[in-house]
Every structure is written in structure tokens, then in C-alpha cells.
1. Where both partners of a DSSP beta bridge lie in the range 125-231, what percent of those bridges are antiparallel, to the nearest 5?
2. By counting other Cβ atoms within 10 Å of each Cβ, how are 232, 271, 360, 144 ranked from fewest to most?
3. Within straight cross-link reach of residue 279, meaning Cα distance under 20 Å, which aspartates and glutamates are found once same-chain residues fewer than 8 apart are removed?
4. Count neighbours as other Cβ atoms within 10 Å of each site's Cβ, and list the GluC sites (Glu not before Pro) in the range 191-285 that are DSSP loop with at most 12 such neighbours.
5. Quick one: if the Förster radius is 22 Å, what FRET efficiency do residue 215 and residue 175 give, using the C-beta to C-beta distance and rounding to 0.05?
6. Between residue 346 and residue 229, take the C-beta separation as r, use R0 = 56 Å, and let me know the FRET efficiency to the nearest 0.05.
7. Work out how much length residue 64 to residue 35 would gain on full extension: take 0.36 nm times their residue separation and subtract the Cα-Cα distance, in nm to one decimal.
8. Separation between the residue 148 and residue 202 pseudo-spin-labels, each 7 Å from Cα along Cα→Cβ, expressed in nm?
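Every number in this text was worked out from the coordinates using simple rules, so none of it is lab data. Quick caveat: nothing in here was measured; it's all calculated off a predicted structure. Cβ placement follows ideal geometry from the backbone for every residue including glycine, while neighbour counts extend to all protein chains displayed.
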Amino acid sequence: MAIDLSLTDEQSLFRDAIRRFAEEEIAPIAREYDEREEFPLHVLKKLGELGYLGLRFPREMGGSGADTVTAAIMAEELGYASPGIFLGIYVHVFLALNAIARFGSDSQKEAYLKPGIAGDKVGAWAFAEPDAGSDPGSMTTRAVVDGDGYRINGTKLYITNGSIADFVVVTAATDPERGIKGLSLFIVEKDAPGFSVPRRLHKLGVRASDTAELSFQDCWVDKSQILGEENVGFANAMRTLTEGRIVSAAFALGAGRAAFDQSLAHAKERVAFGQAIGKFQGIQWQFADMALELEAAKLLTWQAAWLADQGLPHIKESSMAKLYATEMCARITGQAVLLHGGSGYMMDSDVQRFYRDAKVMEIGEGTSHIQRNTIARQLGL
Ligand SMILES: Cc1cc2nc3c(=O)[nH]c(=O)nc-3n(C[C@H](O)[C@H](O)[C@H](O)COP(=O)(O)OP(=O)(O)OC[C@H]3O[C@@H](n4cnc5c(N)ncnc54)[C@H](O)[C@@H]3O)c2cc1C
């Protein structure tokens, strides 16, 4: 089938606006928040005020009902400015709010989606555990019926926005005997009895995002806090993550493009052996390969987004886009450090930050191995 990759006027205008926002509001503070290991909540609030957090959600909820391609544009532009800051925005919008928009009751949408879109409440997505990341069937967090609600016990690890979230979408086993077919999603508020954040975690990269361990000790939630039906939490989480993978791919594309652009400018200016280093054929070939990889990642990402918008199957294509774009990003950001020489290794350079930030993209949302497993399964293996 033919795919039209040209942007509509609306998408094009949106790209210009979000790019300007990223240049003015995010890029200038990216280094500072990386050093502070803190997420700039005011950026989320401002994105909410401008209506950008509601991009993908229905108009009646305060959103603008835009398509997946537009979401990919947002991820690419914000990822270009700061992967660390975008990670916090990504988890809030594309995982926590997205799950509530898809599977939430009217009252849940009113209580979490609306204020989430406005940037007044922050969401987190708690799936991973100390002994269960890639393998959700071994999840040990349990939710047991107790009176008019559920009592949740367990620990979640590496949770983005964990210590700053107003609410967390938590996956827990409601029928442990059935493995992934016995998982359910719950919305837990930060002041729910028995919920706590024992520690914030320190990371190699994406340090402008908040990451925490979450603890649920006899944490009671009303039955109205279950998100979607009981025991279909895994399927619903996967539906949410399939769109998330397209956005993750676009995110990696943006970060890779940022490292590429900075390296290209450097190669034109930096002189060695009497000429700009970009004049050496060895360096030129490296740029040719990087440009090729960026283009391939872009085509895979936009293909997956386009398929999603047509309502066509896109599980394989989403995994391919996420896998290729994130590995491409890790390669290009590594090369960017080399191309900058010693200056790229210094903490005041931007490329070292992109290099550190890139690695997590191969790990989160299903590691590169898990994406390969998904692709192989879709091939019938
Ligand atoms: C900065 C950061 C932020 C994160 N944010 C969130 C968040 O907001 N919410 C959330 O729920 N999680 C989050 N995570 C967790 C992340 O999703 C998991 O770390 C990831 O899914 C991998 O799980 P794991 O760490 O348990 O590794 P493991 O599952 O233990 O994997 C270890 C290694 O084994 C490989 N492996 C495992 N199974 C297979 C297999 N079947 N075939 C081949 N190889 C395999 C993996 O690919 C990996 O290389 C975050 C992680 C990080 C680092």
C-alpha cells in the first residue's frame, strides 16, 4: 500500500509551534535539571495550559483529538530538546493518561484525565517490579478483594514520576494462578493509606526525570479505582504500550537528530591537520551512515504511526520502529561524543547528556530483546 508521509497543514503548524516551545522553554533548562536530578514540573504545567498534553485525547475531556502522527511529532521535538524532561511528560501523557482515556470510567476521566490534561495532576505508570520487568507473569504485587474495594501489597521499581505523581496506574495480580491473564490495573492516589515512596533513584541518564521505588502495604482502594475490567489488565497495558512504542521511537529519533545536528555543526567548524574535520572522508562516511540511519528510523516510525491512524494492525511495525530508532539513537549519540573529541566527554557538553540519556530508551517500554521477541512472534515463530 502507498503511504503518504507529507504533513497536513495542521500537523506542520503544530510542529512549528511545539518546536518553538521546546527551543524556548526546554532546551535552555535541560542541563540545569539534569544536574539537579529533578523534573521541571512547571514545564508540564505550561504544556497543559497550552493544550499540548491533551493532544491525543477527546475534545470533551479538554483534548484536541489529534492523530498518532501528531503525537510522534511532539515526541520528536521535545526529545530533541531534552530526553530527560520529555521522559516525565511521556509517561504522564502516553502511559498514565492514555490508559485512563482508553479504559477509564466517566468518573475516572473526570477525576484524573481532565486535570492531567490541564497539567494540574501528574500521573505515573507502575508496571515494573524488583523481580519482574520483562516478565510480567512473575509479578508479585497482589490486589485482593476486601470489603468494597481491594487491598494492594507489593513493590514497584524504576517508576518514572514516582515521587511527584498525584496518581499512579498500578498493575497488580487479582488472580495470581492465571499469570498474565490474572492481572488488573488500578488507579492509586498518592495519599491512599498504605502507599509510600521509600526512595528516589539516581540514574546514569535522563536525570531530569524523576524515578522512584513505590511501596504498597495493605494499601486499600475503593473498587471504583479499578481501571478497566478485572483480569484484563495485561491486555490493556499492552494496548497502551503499543502506542507508547511509536511515541518512544519518535522520542529516540528526536534525541538522535539533536546529537547529529550538533556533531554536523562541530565537524564543519573544528579544524585538525589544517582543515575542518568534516573534510576527512572517514568522517564524511560516518555522517552519511548516521543520516541514513536517522532517515530509516523516521520512515519506520511514521509508518507505524500511519498504520495506527488508519486502524490497521501495527504491533510488529511499532516494535520495529521502537527497536530500530532506540538502537540507532544509542549508536548516534555515542558517535557524537567521539566526533566532539575531548570536549564531548566534558559534563558541560550537550552530547554527553544525549549519550547518557539514550541508553535507557533501549531498556524502557520493553527492552530491545523483548521487541525482537514481539517481532518474531508476529512472524509466526
Ligand atoms: C530510567 C528508567 C525509567 C523507567 N520507568 C518505568 C516506569 O515509569 N514504569 C515502569 O513500569 N517501568 C519503568 N522502567 C522499568 C523498565 O520498563 C524495565 O527496567 C524494563 O522493562 C526491563 O526490566 P528489568 O529491569 O526487570 O530487566 P530484566 O527483565 O531482568 O531483563 C534483564 C535482561 O534480560 C533480557 N531478557 C529478559 N527476558 C528475555 C527474553 N525472554 N528473551 C531475551 N532477553 C530477555 C532483557 O532484555 C535484559 O537485557 C524504567 C526503567 C528505567 C531504567
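1. 90
2. 271, 144, 232, 360
3. 261, 269, 289
4. For GluC sites (Glu not before Pro) across the range 191-285 that sit outside H, G, I, E and B with at most 12 neighbouring Cβ atoms in 10 Å, the list reads 229.
5. Efficiency, from the Cβ-Cβ distance: 0.45.
6. Working from the Cβ atoms, E equals 0.60.
7. 7.0 nm
8. 4.6
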